[in-house]
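Student: Encoded as structure tokens, here's the structure I'll be asking about.
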Amino acid sequence: MARINLLCTALLIVCWGWLAAPLHAHPAPYSYLDLRLEPNQLEGTLTVHVIDIAHELNVTPPAALLDATQIETKHEAILNLLRSRVQLSADGQALAFDVQRVEPVPDRDALALHLRFPDQPALGALRVQCLLFPYDAQHQTFLNIYENDALTHQELFDKDRTTFEYFTGTRQGAFAAARTFLTGGIYHIFIGPDHILFLVGLLLLGGSLKRLLTIVTAFTIAHSITLTLAALDITNPPPRLIEPAIALSIIYVGIDNLMVGKTGRDVRAWIAFGFGLIHGFGFANVLREFGLPRQALGWSLFSFNLGVEIGQVCIVVIAASLLAMLQKRKPTMRQPVARIGSIIVILAGSYWFIQRVFF
């Protein structure tokens, strides 16, 4: 009997805790930021729960913020809070804003803050940084962007993602996307040691300028094809397959260089094209991290590809020039350099393959 009473008491405590918890828990750890873009005009509305604002402003009880008098009293404090937690910039220029009015939304226990932007620039690229309520690790802010009254993009901010860049569907937006993705393509090829080593491995055996350009062109055509297919979501192999395959391509190039002396066949252009298809999927993974803008898709793809090509040309010019200089000064060193370089390429590719498969 005592055990039954103890069990009943425990169940009552659990049930009471389950029923009482929602009364004290945060019912909606979300905020909503709506930005409306029109030609030379930007408007915004931020909807936040009173519990979050009350916590930041030390207001008790939170429902007091639904009162018009209390809202008026806290207007300046709310504005200062938002300015420290939400930053917007257009084409690199910071956008100042004011809270034009605060509207209580009683049925949602929320406040709708209407934002006014005194300066109305011609928007090309809009950058939004948002971390509204760091005290709540679960808090999320939903961003909705409207362009000419049409919802064009939705984004989610949380403690791990606090920045987003949006390219408008205007001519300024297209130019801004082109600039961003062009530099992004150049930057990526220079910070990608696997792509660089693959290219250098293809150049180790030297050759005429026409031959080297044929090899690089084959690589460019191939990676452009798969980059476009992946960006358009036509085919999209997972990185866990693509990254080890890129490492294998590097190993293959090194082995083929060592075998050319025995077979006498130079198939580097075909190797560049075949493995360029795989490298294109690797570029696509980086492109997705940029956040490919659907409203400027063509410009973005073209610019990123062009940036990659510019980076590749720079690498080819540097590597080919050094090899040609060495061959001119010490012709006998060409084969030892190619052999030693190919072994280094094989070892590096093997290291990356093991790392990407097993670690």
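Student: Looking at the stretch 288-311, which of its residues are surrounded by fewer than 22 Cβ atoms within 10 Å (Cβ to Cβ), of a type in the set (A, V, I, L, M, F, W, C) and under 14 Å from the mean Cα position of the chain (by Cα)?
Tutor: Correct list: PHE290, LEU292.
Student: What residue, among those in the stretch 68-114 that are among the aliphatic types (A, V, I, L, M) and part of a helix (DSSP H, G or I), is farthest from SER31 (Cα to Cα)?
Tutor: Applying the filter and picking the extreme gives ALA68.
Student: Given the conditions (1) assigned to a loop (DSSP other than H, G, I, E, B); (2) open to solvent by 70 Å² or more (accessible area, probe 1.4 Å), report the number of the one that GLN154 does not fulfil.
Tutor: The single condition GLN154 does not satisfy is (1).
Student: Given (1) more than 21 Å from ALA320 (Cα to Cα); (2) aromatic (Phe, Trp, Tyr); (3) surrounded by 19 or more Cβ atoms within 10 Å (Cβ to Cβ), identify the lone condition not met by PHE175.
Tutor: (3)
Student: Do the conditions hold for LEU258, that is, is it out of contact with any helix residue (DSSP H, G or I) (no Cβ under 7 Å at 6 or more places or on another chain), surrounded by fewer than 18 Cβ atoms within 10 Å (Cβ to Cβ) and either aliphatic (A, V, I, L, M) or part of a helix (DSSP H, G or I) (or both)?
Tutor: No: the conditions fail for LEU258.
Student: Here's another thing I want to ask about it. From the list ASP52, ASP119, ASP91, ASP109, pick out the single residue that is of a type in the set (Asp, Glu), surrounded by 14 or more Cβ atoms within 10 Å (Cβ to Cβ) and closer than 22 Å to ALA176 by Cα.
Tutor: Selected residue: ASP91, the only one of ASP52, ASP119, ASP91, ASP109 that is of a type in the set (Asp, Glu), surrounded by 14 or more Cβ atoms within 10 Å (Cβ to Cβ) and closer than 22 Å to ALA176 by Cα.
Student: Separate question: Scan the stretch 202-218 and give yes if some residue there is touching a Ser or Thr at 6+ places or on another chain (Cβ under 8 Å) and buried (at least 16 other Cβ atoms within 10 Å of the Cβ), otherwise no.
Tutor: Within the stretch 202-218, one or more residues are touching a Ser or Thr at 6+ places or on another chain (Cβ under 8 Å) and buried (at least 16 other Cβ atoms within 10 Å of the Cβ).
Student: Continuing with this model, one more query. Out of all the residues in the stretch 179-190, is one or more open to solvent by 30 Å² or more (accessible area, probe 1.4 Å), farther than 30 Å from GLU165 by Cβ, part of a helix (DSSP H, G or I) and touching a residue at least 12 places away in the same chain (Cβ under 8 Å)?
Tutor: no
The values are calculated or read from the model by the stated rules, or taken from the named source; none is laboratory data. Not measured: the values here are computed from a predicted model. A quick note on method: Cβ atoms are made from the backbone with ideal geometry, for glycine too, and the neighbour counts reach across all protein chains shown. Heads up: the accessible areas ignore ligands, DNA and RNA and are worked out on the full protein's heavy atoms, side chains in. Shrake-Rupley method; radii C 1.70, N 1.55, O 1.52, S 1.80 Å.
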